[in-house]
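The values are calculated or read from the model by the stated rules, or taken from the named source; none is laboratory data. Predicted, not measured: the structure shown is a model, and the values here were computed from it. Heads up, the Cβs are rebuilt from the backbone with ideal geometry, glycines too, and the neighbour counts pull from every protein chain shown. These area figures cover heavy atoms from the full protein model, side chains too; ligands, DNA and RNA do not enter into them. Shrake-Rupley method; radii C 1.70, N 1.55, O 1.52, S 1.80 Å.
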Amino acid sequence: MNNKKYALITGASGGIGSAIARKLASDYNLILHTRSKKDKIDKLKKELDTEVICISADLSNFEDCQKVFNICKEENLDVEVLVNNAGMTLDNVIFRMKEEDFVKVIETNLYSVFYLSKLFARTMMKKKSGRIINIASISGIRGNVGQTNYSASKAGIIGFTKSLAKELATKNILVNAVAPGFIDTEMTNNLNDAVKEEILRDIPLKRYGKAEDVAGLVYFLSGKDSSYITGQVISVDGGMNI
Ligand SMILES: NC(=O)c1ccc[n+]([C@@H]2O[C@H](COP(=O)([O-])OP(=O)(O)OC[C@H]3O[C@@H](n4cnc5c(N)ncnc54)[C@H](O)[C@@H]3O)[C@@H](O)[C@H]2O)c1
């Protein structure tokens, strides 16, 4: 037993989520969420030198988000940091995009952020302390061909972050968004080489981002050195959105 507070990281089985878990483990106990990759989370847990609780849930529906919250409440976990990282893509140009693919991406990427923030902000308000860090995307800032659903969900996260930061500021809860550019993870692995080369030409730093690049910023936003920062959208994109 230690006296560290908890950080909840959604989508912790993914590339960026697991890098965030490794980084935050020095300062926080962790609640690691996965939708279906329990084996990956169990493996990650073994690496980490902090208390770790694993939870499986499909965050695109409110009932599962409530389940996550209830587990934290029943276990009396002091959740100081919520990292809304879980996300998915179902890319297609608009004429070929099925309605269900548009809805699924919005539910997974945006509704989940609303559900979990609503649930956890209440307990953060009571203790007058907390951090909510939402993983947006450069696509939500600049748009991207084939990603009307994804861009809309990420632009939604940006507006949501700014409004929530204003609502919760007097309760000492900081709400910020991180906007990664092209990060080398499973999500970007399936793009073909020609697309990847075109993206690389668009990155001033001339390299793809690493999950650790995003994790470093999330760590900063979860710590005391960022206590005067709220409502911001900070890019980690090698200069892609300049
Ligand atoms: N990789 C990039 O280039 C990039 C760029 C910008 C933003 N992002 C964002 O960063 C975040 C992490 O992405 P990643 O690159 O690590 O991708 P990833 O595919 O490796 O991980 C995504 C995670 O989200 C989880 N998830 C997906 N749908 C879910 C659902 N319905 N319920 C619960 N969990 C669900 C997955 O299980 C997985 O753990 C996402 O929000 C993504 O949109 C990634």
Roughly what would the spin-label model give for C54 and N172, points 7 Å off Cα along C-beta, in nm?
-> 3.5
Based on the Cβ-Cβ distance of K4 and D42, what FRET efficiency does E = 1/(1 + (r/R0)^6) give at R0 = 22 Å, to the nearest 0.05?
-> 0.60
So which aspartates and glutamates can K196 reach, going by Cα to Cα under 12 Å and dropping same-chain residues fewer than 8 places off?
-> D184
Rg/Rh ratio calculated on Cα atoms of the chain (Kirkwood radius) = 0.95
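Between N189 and K224, 0.36 nm times their residue separation minus their Cα-Cα distance comes to what? Numbers along the way, then the final one.
On the way: separation 35, 0.36 × 35 = 12.60 nm, distance 3.46 nm.
Difference between extended and current length: 9.1 nm.
How many percent of Cα pairs in segment 54-195 exceed 22 Å?
Roughly 42 percent, once rounded to a whole number.
Quick one: net charge around M88, please, counting Lys, Arg +1 and Asp, Glu -1 for every other residue with C-beta under 12 Å from its C-beta. Spell out each step's value before the answer.
Working: positive: R35, K104, K154; negative: D58, D91, D101, E107, E186.
Residues close to M88 contribute a combined charge of -2.
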Enumerate the aspartates and glutamates that K5 could reach by cross-link, defined here as Cα to Cα under 16 Å, with residues fewer than 8 away along the same chain left out.
-> D27, D49, E51, E74, E75, D78, E80
Along the charge dipole of the chain, which of G231, T34, L191 sits closest to the positive end, that is, farthest toward it, with unit charges on the beta carbon of Lys, Arg, Asp and Glu (+1, +1, -1, -1)?
-> G231
Total charge of the residues flanking G130 in space, meaning their Cβ is under 9 Å from its Cβ, with Lys and Arg +1 and Asp and Glu -1, is +3
In what order, largest first, do Y208, Y228, Y28 sit by accessible area if the probe radius is 1.4 Å?
-> Y228, Y208, Y28
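Pop out the carbon and sulfur fraction of the accessible area of segment 6-232 as a percent, whole number, probe 1.4 Å. Let's see the in-between values first.
Values: 5780 of 11230 Å².
Ligands and nucleic acids excluded, carbon and sulfur give 51 percent.
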Pick out, from Y6, C65, F114, the residue whose Cα sits farthest towards the positive end of the charge dipole of the chain, with +1 on the Cβ of Lys and Arg and -1 on the Cβ of Asp and Glu.
-> Y6
Can you grab the distance from the C-alpha centre of segment 208-231 to the C-alpha centre of segment 146-165, Å, no decimals?
-> 19
Quick one: plug the Kirkwood hydrodynamic radius of segment 134-242 (C-alpha pairs) into Stokes-Einstein at 10 °C, 1.306 mPa s, and report D in µm²/s.
-> 108
Tell me, what is the per residue accessible area of the chain in Å², probe radius 1.4 Å?
-> 51
When the dipole is taken about the Cα centre of the chain, and only Lys, Arg (+1) and Asp, Glu (-1) are charged at their Cβ, what size is it in debye, to the nearest 20?
-> 660
